[in-house]
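Comments concern the structure below.
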Amino acid sequence: MTGTVNTVYRFLLSRQWVILTLIALVLIPVMIKLGFWQLHRHEHKVAQNAQIAKALNAKPVPVTDLAKPGRDLPEADRWHPVKATGRYDTKGEVVVRNRTAADEQSIGYYVLTPLRLTDGSTVLVNRGWIAPSGGALTAFPDVPPAPKGTVTVTGRAIPDETTAESGIKDTKGLPDRQVMLINSKQAAERLHRPVLGGYIEQTAPDPAGGKPELVPEPDHSSIGPHMAYAVQWWLFAAAVPVGWVVLVRRERRDRASAAASEAADDTAAPAEPERPKEAAGAAVEDRSGPGTA
């Protein structure tokens with residue numbers, strides 16, 4: 001019995017089937033790992049949504065309670081409401097290139113204006129989004145003027161942007177007063193004075209005429225498709241061995257059918273039977289006839 005089974009499945013030792021089996025053995029752990037990767041992304045999204053909701057519902061605190069000059073704003077304080085009182089430094093104002101409006105389609109600029117606080121320190125304020133002048137991203141746009149005099153700004157505390165964190169390339173050689181990243185350390189070099197780490201994403205007061213367009217609060221209701229993707233990868237991993245078994249059985253069935261067809265062809269055309277010797281001698285005698293000498 002064992003010998004028969006070994007003979008039936010001997011095709012599994014062929015080069016084609018060895019390669020197919022190795023591919024299947026590699027795919028299973030890879031797909032399982034991809035499933036867990038998507039699961040971790042789902043868990044991160046859920047935790048991030050909880051952090052955003054908690055931060056947005058918190059009471060505003062003075063920005064100096066969270067941010068310090070030359071120090072990174074802690075990630076745990078991202079989106080926490082803060083307030084700051086001071087006067088805008090419009091001479092140090094720049095625009096941030098290639099930023100998307102609330103419709104997530106229109107490309108323009110963020111207006112980034114330093115705010116000199118009453119204690120003498122400086123914090124960056126993202127006053128909102130504006131469209132490029134004439135649709136061009138090369139010339140400095142028409143920026144709505146910042147309020148004059150002493151103002152109190154409320155907004156969300158955001159850590160500095162970096163290329164590693166945002167994926168935005170910090171392009172050099174840009175037109176005057178244009179930057180790619182909102183970064184307090186770069187701003188400190190431009191302004192030649194210390195700047196609080198991170199920046200404020202303004203939420204109040206509403207700008208005159210609705211411009212710049214305030215940045216909407218981050219989405220914290222959607223969890224994305226990551227859990228569905230995780231389940232799909234695990235289903236794919238489970239389907240690989242099932243598919244392998246199906247292919248093996250099909251191959252075995254096809255080979256057995258081919259062998260049966262060959263055997264049937266061999267028995268369908270038997271050899272012509274040999275004539276008996278006595279009959280052959282009688283036939284010769286009949287042909288010679290009587291009276292032969």
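The values are calculated or read from the model by the stated rules, or taken from the named source; none is laboratory data. Note that the structure is a prediction, hence the values are computed from the model and not measured. Here the Cβ is made from the backbone with ideal geometry for all residues, glycine too, and neighbour counts use every protein chain on show.
Numbers at a glance
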{"quantity": "Total residues in the stretch 233-252, condition under 29 Å from Ala47 (Cα atoms), in contact (Cβ under 8 Å) with a residue 12 or more places away in the chain and either under 18 Å from the mean Cα position of the chain (by Cα) or surrounded by fewer than 14 Cβ atoms within 10 Å (Cβ to Cβ) (or both)", "calculated": "2"}
{"quantity": "Some residue of the stretch 140-159 being closer than 19 Å to Arg71 by Cβ and either charged (D, E, K, R) or modelled with pLDDT under 95 (or both)", "calculated": "yes"}
{"quantity": "Which numbered condition Ala55 fails, given (1) under 30 Å from the mean Cα position of the chain (by Cα); (2) at positive phi", "calculated": "(2)"}
{"quantity": "Flag if Asn98 is buried (at least 20 other Cβ atoms within 10 Å of the Cβ) and closer than 25 Å to Lys169 by Cα", "calculated": "no"}
{"quantity": "In the stretch 197-226, the residues that are modelled with pLDDT of 90 or more, hydrophobic (A, V, I, L, M, F, W, C) and within 16 Å of Ala53 (Cα to Cα)", "calculated": "none"}
{"quantity": "Given (1) within 25 Å of Ile52 (Cβ to Cβ); (2) at pLDDT below 95; (3) surrounded by 12 or more Cβ atoms within 10 Å (Cβ to Cβ), index of the condition Gly167 fails", "calculated": "(3)"}
{"quantity": "Residue within the stretch 149-161 that is crowded, with 17+ Cβ neighbours inside 10 Å, within 19 Å of Thr118 (Cα to Cα) and either free of Cβ contacts under 8 Å to residues at least 60 places away in the same chain or not small (Gly, Ala, Ser) (or both) present", "calculated": "yes"}
{"quantity": "Qualifying residue in the stretch 49-60 (condition: within 27 Å of Gly167 (Cβ to Cβ) and of a type in the set (S, T, N, Q))", "calculated": "yes"}
{"quantity": "Test: residue in the stretch 199-220 that is hydroxyl-bearing (Ser, Thr, Tyr), surrounded by 14 or more Cβ atoms within 10 Å (Cβ to Cβ) and over 25 Å from Ser121 (Cα atoms)", "calculated": "no"}
{"quantity": "From Lys68, Lys83, residue being closer than 21 Å to Gly197 by Cβ, among the basic types (Lys, Arg), touching a Leu at 6+ places or on another chain (Cβ under 7 Å) and surrounded by 13 or more Cβ atoms within 10 Å (Cβ to Cβ)", "calculated": "Lys68"}
{"quantity": "Selection count where residues are farther than 15 Å from Trp234 by Cα and within 17 Å of the chain's Cα centre (by Cα), scope the stretch 12-40", "calculated": "0"}
{"quantity": "Residue in the stretch 2-19 that is assigned to a loop (DSSP other than H, G, I, E, B) and surrounded by 12 or more Cβ atoms within 10 Å (Cβ to Cβ) present", "calculated": "yes"}
{"quantity": "Hits in the stretch 64-121 (condition: basic (Lys, Arg) and either closer than 22 Å to Ser166 by Cβ or within 37 Å of the chain's Cα centre (by Cα) (or both))", "calculated": "Lys68, Arg71, Arg78, Lys83, Arg97, Arg99"}
{"quantity": "The stretch 170-187 - residue that is touching a strand residue (DSSP E or B) at 6+ places or on another chain (Cβ under 8 Å) and crowded, with 17+ Cβ neighbours inside 10 Å and, of those, farthest from Asp77 (Cα to Cα)", "calculated": "Gln178"}
{"quantity": "Residue ID - nearest to Ser221 (Cα to Cα), chosen from residues in the stretch 52-65 that are of a type outside the set (Gly, Ala, Ser) and loosely packed, with under 14 Cβ neighbours inside 10 Å", "calculated": "Lys54"}
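Conditions tested, residue by residue: (1) closer than 22 Å to Val153 by Cα; (2) in a helix (DSSP H, G or I); (3) free of Cβ contacts under 8 Å to residues at least 60 places away in the same chain.
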{"site": "Ile182", "(1), (2), (3)": "yes, no, no"}
{"site": "Arg193", "(1), (2), (3)": "yes, no, no"}
{"site": "Thr203", "(1), (2), (3)": "yes, no, no"}
{"site": "Asp206", "(1), (2), (3)": "yes, no, yes"}
{"site": "Pro218", "(1), (2), (3)": "yes, no, no"}
{"site": "Gly224", "(1), (2), (3)": "no, no, no"}
{"site": "Met227", "(1), (2), (3)": "no, yes, no"}
{"site": "Ala230", "(1), (2), (3)": "no, yes, no"}
